[in-house]
Structure formats: C-alpha cells, structure tokens
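Any read-out appearing in this document is the output of simple, stated calculations on the displayed coordinates, not a laboratory observation. Predicted model, so just to flag it, every value in this text is computed and none were measured. Cβ sites come from the backbone with ideal geometry, for glycine too, and all protein chains shown count toward neighbours.
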Amino acid sequence: MTTATQNGTRKIVINPVTRVEGHGKVTIQMDEDNHVTQARLHIIEFRGFERFVQGHFYWEVPVLVQRLCGICPVSHHLAASKACDMIVGADSLSPTAEKIRRLMHYGQTFQSHALHFYHLSSPDLLFGFDAPVAQRNVIGVIQAYPEVAKKAVLMRKFGQEVIKATAGKKIHGTGSIPGGVNKHLSQEDRDRLAAEVDTMLEWGVEGLKLCKDVTLASAEKLLPFGTFESNFLSIVREDGCLDLYDGNLRAKDADGKIIFDQVKPEDYLDVIREGVRNWSYMKFPFIHDRGQEKGWYRVGPLARINNCDFIDTPIAEEERQEFMALGKGRPIHATMAYHWARLIELVHSAEKMRELLADPDVLRGELTTTGERRDRGVAIIEAPRGTLIHDYEVDDNDQIRRGNLIVSTTHNNEAMNQAVRVVADQYLEGQAEISEGMLNSIEVGIRAYDPCLSCATHALGQMRLLVQLIGPDGTILDERTRG
Amino acid sequence: MSGLPINGLPKKRPCNLVMACGNPERGDDGLGPALIERLANLNRSDFETDADYQLNIEDAASLANYERVLFIDASISAPPPFNLESLAPTTEIAFTSHSVSPGAVLAICHDHFHHVPEAWVLGIRGYQFDLGQGLSSDARVNLDAAFARVIELLDSWNRCGKV
C-alpha cells in the first residue's frame with residue numbers, strides 16, 4: 001500500500017482486492033484536506049459468456065458453462081441445466097432428478113459458505129481488521145484455533161464429496177442434463193455421506209454460534225460497519241419459503257415492503273434492467289420500476305434471509321427468527337450480517353442434505369423427463385453468492401443463438417460500491433496517513449459479499465495485489481505490489 | 001482421492017500423486033490438466049493423478065495419504081519450458097482468494113494430519129489465458145518437454161525403492 005500527494009489531491013488504488021475471487025481494483029480519491037471525495041470498486045468483469053456459448057448445441061451448455069468459473073461451476077452447471085429443462089419441455093422433473101440436483105446444490109452451498117467463513121472472513125472477525133497481515137489469514141486461524149480450522153477443512157471436503165458423488169467429477173461434471181440427471185446416487189456414496197452428515201450439521205451449528213457470538217460481542221463496531229440501506233432481491237418458493245434451488249423472484253424495499261413477488265424466471269426482464277457506468281466494465285442491474293438511482297439492490301445470503309417468510313428446516317428456522325429479531329420488524333441492513341446469514345444457510349444446507357441422503361428416491365427412480373420443445377430457456381438459481389440468471393435462445397438446429405447471464409457479483413455491483421463508500425467515510429475520512437488496517441477495512445466490506453470477480457485463471461507468478469497512486473492527471477505516481 | 005477422514009486419517013495409500021490445477025477453457029491455464037490427461041493414459045500403477053480448477057484447503061486431507069506429491073500448474077513467469085523445484089510447507093499465505101498455494105496446503109497437511117509428503121512443484125510456462133482458447137503452440141512445446149521430465153521424475157521415484 002502506498003499513498004502520496006500531488007497538487008494536494010491523493011488517489012489510493014488497491015488492485016486487486018485480496019481474498020475475493022479474481023481481481024478487482026478500489027480507487028479512493030481524497031482532496032487536499034483528506035476528505036474522501038470519491039470511492040469506487042472497479043471490477044474487470046469478463047463479458048464473454050454470451051459469445052462463448054453461441055453456436056453450441058444446447059445440451060452441451062450445462063457442461064460448457066462450468067468452464068466459465070472454477071469457483072462456482074456447480075451453480076452454472078445447474079442453472080444451465082434448468083434453462084435447458086425449459087427448452088426440452090421438462091416443466092416438472094422426476095422426484096429422483098430434482099432431489100439429486102438439490103443434493104448437488106446443497107453440497108455446493110455448504111462447502112462454499114464454509115470456505116468463505118472460515119478461510120476468507122473469520123480472520124477479520126477473530127483477529128480484527130487491523131491485526132498483523134501475517135496473522136490475518138487462514139494459516140493464522142489454524143494456529144490460533146486449530147480445531148475450528150480442521151473442521152473447516154473437513155466441511156469443505158464433505159461438500160466436495162457430495163458434488164463428486166452427484167456431478168460425477170470435480171472438473172466438468174456431467175451429472176445434470178437437460179430434463180434431469182444422468183445417474184442415481186450410488187448406494188456406497190449414499191451410505192458414506194449419510195454416515196457423516198450429522199457431524200457436518202453439528203459442526204455447522206458450532207460455526208454459526210461462533211459467528212453469532214463474535215458478531216454480537218463486537219456489535220457496536222461490526223453492525224454499523226459499512227452499513228447502508230437497500231432493496232433486496234432473491235427467489236422464494238411459492239409459499240414464501242427460502243429455496244436456494246428453485247422459485248420465483250421477490251424484491252423487498254429497505255422497509256421490508258414487497259416491491260414485486262412471484263415473478264417467473266422467464267419474466268425477469270420485466271422487472272430487472274442492467275445499467276452501465278462509464279467507469280466500469282461491469283453492469284449495474286436495477287429494479288426497473290424504481291429506476292437506476294433508487295432501484296439497485298442486494299442479493300446473496302442476507303437478501304435471501306431478509307426476503308423469505310420462513311425456512312423449512314427446524315434449526316435454520318429457529319436461527320432465522322433470532323437473526324430477524326435484530327431488525328425489529330425491518331430487514332437487516334448490516335453488511336457484516338452477511339456472514340451470520342451465510343452461516344444460517346450453511347446449517348440449512350446441512351439439514352437439507354441430511355433429508356435427501358435419507359430419501360430412497362436418490363437411489364432409484366426415473367432420471368429424465370421431456371415435453372414440448374421450446375426455443376427459449378430461462379432459469380434462476382440462488383448460487384452461494386446470490387441470484388444467478390441463465391437465459392438462452394436456440395435455433396431450429398438446436399444451437400444457441402443468444403445467451404444472457406447475470407451473475408451474483410453483477411447483481412451486487414452497486415451494493416459493493418456503496419460498501420466501499422461507507423467504509424471509506426467511516427475509516428479514511430480526515431486521515432492524513434492510511435494504514436494497512438484501514439485499507440483492509442475496505443476489503444472487509446467487499447469480502448462480506450463474497451464476490452467472484454473473474455474466472456479461475458491462477459497461474460503461478462500471477463500478481464496478487466497491486467497498489468497504485470494516481471495523480472489528478474491520471475499519472476501513476478507510485479506503485480507497489482504485495483502477495 | 002475419496003474417503004472422508006473425519007475420524008482420523010483416510011485409508012493409507014502408499015503411492016505417489018501427481019496433482020494439477022488449471023481451467024482447460026482458459027487457454028494455457030489448462031497445461032496442468034493436459035499433462036494429467038497424458039499421464040492418466042499411461043495406466044501406470046505407481047502413481048495416481050488428480051486435477052482441479054485450483055488447490056484448496058480440503059486438498060490437505062487427501063494429500064496426507066501420499067508419500068510424494070508433484071504439483072503441476074501453468075506459470076506466467078517460469079523460464080521456458082518449465083521450472084521444477086522441491087517444495088516445503090509454508091505459513092506464508094498468498095494474498096489470494098478462494099484458492100491456496102501448494103506450500104500452504106502442505107502446511108495444513110502438517111498441522112492437521114501430521115504427515116507431509118515430499119513435494120515438488122512444476123510450473124509449465126504458459127503465454128495466453130483467454131477464455132475459450134486451447135493451448136498455444138508455444139505452450140504445447142513446453143508441455144511436451146514437461147511430460148518427458150515428469151516421466152523421468154516418476155521413474156526416479158521408483159528406482160529409489162521407497163514406494
């Protein structure tokens with residue numbers, strides 16, 4: 001990190017943001033009196049998704065799109081499969097297919113949330129935002145909390161084993177296909193996973209308690225941290241229940257009033273638009289009726305817990321009620337509450353996996369269904385990081401003519417910018433010197449959203465962090481790297 | 001690489017592992033998986049192979065099963081055609097994101113599973129990492145050289161008679 005002055009104006013650039021996926025860049029413009037005048041998160045988003053799938057046969061897409069991202073391939077695999085369900089006319093999957101897909105999805109959510117909390121976020125929560133860099137990482141957690149860290153490793157492994165058992169393999173899984181799945185869960189895999197799922201649930205509850213205790217113990221600092229009010233978007237089941245795999249769109253405003261509800265996936269363009277800004281490659285989605293300035297929203301665990309009416313698993317529902325009580329009838333807006341909400345979903349995923357692993361339908365039954373073919377398929381799934389939309393049109397040769405994907409991180413684009421602005425105001429305003437801890441605070445605000453900023457190219461030697469100081473005329477005054 | 005070591009170490013597999021990271025759809029980032037594919041086609045019983053988009057913390061639970069591990073990844077800075085070096089556990093965590101460095105995975109092996117395999121890391125020089133492109137022609141040349149070197153290394157492990 002470095003800062004400098006030119007003509008009394010400083011611009012601090014953090015590039016890329018650490019411990020979020022891919023590369024992002026934060027710029028904070030300060031004037032000669034050390035007032036924050038502008039704070040932005042720039043995301044170098046890859047916009048080649050649509051071109052990438054064009055011309056491919058639709059049945060190739062569920063496998064193909066996994067290659068877009070090495071972090072959440074299962075989410076793309078399932079979203080594309082659901083879109084293809086609509087193309088092949090499979091309006092209702094067989095119980096076996098739906099349950100195996102759900103098991104895959106809960107396995108993905110469980111391992112993703114475990115990684116995010118224990119690996120990426122718990123160092124900030126357990127050691128503080130301004131703890132030494134050498135300690136504020138997963139190795140520091142291992143050394144200070146070895147049992148917690150070991151459970152995190154094994155929870156990750158369990159989730160990956162669920163994915164492997166249902167998707168077939170770690171890279172380019174093929175388990176989910178248009179209209180269903182291509183195989184049952186084997187008896188051996190079912191027995192092996194069922195034998196461990198109670199332990200996973202127990203550890204998940206312990207993790208949730210740790211997160212809750214740490215948050216409440218430092219509530220005066222953590223709950224106002226990077227906090228702002230917003231709308232929220234997610235899918236919910238028809239009865240308002242939390243559903244990570246399937247449902248219709250619901251949006252609530254900052255007071256918790258419904259903006260729209262039960263909007264079917266294929267009608268998402270009626271309620272959502274994508275705006276652009278001249279300083280960012282990434283789009284800024286917003287609720288059409290509210291306009292770009294007031295219609296932006298948040299997605300992900302906090303949005304889902306705020307939006308749903310209840311959760312259909314007992315432990316997670318009890319935890320949801322305790323969580324929502326903090327808002328006294330209004331949605332929870334605290335940025336750091338994302339972690340708490342994420343752990344509620346982790347517990348919910350473990351409860352759901354336990355149900356499914358005890359269900360004989362995953363071992364036998366019809367694998368696929370079909371119906372009347374359509375030229376368009378749209379699907380929405382709640383990926384670990386938030387709402388994920390896949391929208392495809394096919395031609396008469398079954399080839400993809402047009403594709404549109406809106407990923408979770410794009411939905412949260414404006415929200416993450418808001419978080420950067422608020423944290424910059426809270427921590428950097430009036431400060432003549434910028435410390436490592438202050439810079440990390442900015443990153444903590446972004447990390448709460450668990451953004452996936454680019455796809456998983458991670459070659460050895462790749463630069464991890466670049467800090468640039470840019471003068472008012474755009475000249476780079478200084479530059480340092482770390483990592 | 002299956003088996004959940006929740007109640008202790010997973011079943012011991014006294015053999016060597018070659019593990020690659022990379023996304024085959026990101027140009028030369030697929031060098032590691034491409035080499036794994038070639039190795040798997042040899043059908044040799046003296047080593048096992050695995051590939052994933054990236055290393056992560058849970059890989060430590062699997063790596064603790066092996067006596068020797070060779071990590072393979074594309075490199076944007078290795079001198080062509082590749083760089084091969086031994087690797088020790090490191091507590092120096094990279095400022096990265098959802099992935100973990102090979103040295104950090106070994107450190108987790110040591111701290112949690114009390115066994116650290118001998119380890120090497122092979123960085124094969126890559127040049128372009130764009131989505132949807134196959135390996136570049138220069139990377140293919142490097143891949144051929146790396147494959148030959150890996151075979152030599154695996155043969156030398158066998159000659160040591162430790163497996």
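Brief remarks on what is shown
- Cα-based helix-to-principal-axis angle, A:73-87 vs chain A, degrees rounded to 10: 50 degrees
- Residue-span extension gain [A:D198 to A:E393] - 0.36 nm each, minus C-alpha spacing: 66.0 nm
- Separation in nanometres of the label points that stand 7 Å from Cα toward Cβ, at A:D261 and A:E188: 4.9 nm
- Coordinate range along principal axes, alpha carbons of segment A:49-116, Å, largest first: 37, 31, 12
- Pairwise FRET efficiency - B:V141 versus A:Q321, Cβ, R0 = 35 Å, nearest 0.05: 0.05
- Label positions at B:R159 and B:S86, each projected 7 Å from the Cα along the C-beta direction, are separated by 1.7 nm.
- Averaged over peptide A:141-148, the number of partner chain Cβ atoms lying within 10 Å of each residue's Cβ comes to 2.
- Integer Hz, Karplus 6.51/-1.76/1.60 couplings in order for segment B:35-40, x for Gly and Pro: 5, 4, 4, 5, 5, 4
- Inter-label distance for A:R373 and A:E274, nm, one decimal - labels placed 7 Å from Cα along Cα-to-Cβ: 2.7 nm
- Low-density loop cleavage sites - trypsin sites (Lys or Arg not before Pro) in segment A:197-261, where at most 11 other Cβ are within 10 Å (DSSP): A:K257
- Using only the C-alpha atoms, the convex hull of segment B:16-160 corresponds to 105 Å³ per residue.
- Full-extension gain in nm, A:R402 to A:E50, via 0.36 nm per residue minus C-alpha separation: 126.0 nm
- Gain on full extension, evaluated as 0.36 nm per residue between A:K294 and A:R330 minus their Cα-Cα distance, stands at 11.1 nm.
- Long-range amide H partners of B:F129 with built H, under 5 Å: B:D28
- Segments A:149-162, A:379-392 sorted - mean Cβ within 10 Å per residue, highest first: A:379-392, A:149-162
- With semi-axes defined as the square roots of five times the eigenvalues of the C-alpha gyration tensor, the equivalent ellipsoid of chain A measures 36, 26, 21 Å, largest first.
- Paramagnetic reach from A:E147 in segment A:203-240 [backbone N under 16 Å; point 7 Å along Cα→Cβ]: A:203-211
- Average Cα contact separation per residue, chain A, under 8 Å, 6 or more apart, as relative contact order %: 28 percent
- Other protein chain Cβ atoms within 10 Å, averaged over every residue that makes up B:25-34: 4
- Within segment A:183-275, the chymotrypsin sites (Phe, Trp or Tyr not before Pro) that combine a DSSP coil assignment with at most 15 other C-beta atoms in a 10 angstrom radius are A:F228.
- Segment A:201-233: GluC sites (Glu not before Pro) falling in loop per DSSP and having at most 16 other Cβ within 10 Å: A:E229
- Inverting the pair-averaged 1/r between distinct Cα atoms of segment A:32-176 gives 18.0 Å as its Kirkwood hydrodynamic radius.
- From the largest down, segment A:385-439 spans 64, 15, 15 angstrom on the principal axes of its Cα atoms.
- With a Förster radius of 41 Å applied to the beta-carbon distance between A:A134 and B:S77, the computed FRET efficiency rounds to 0.95.
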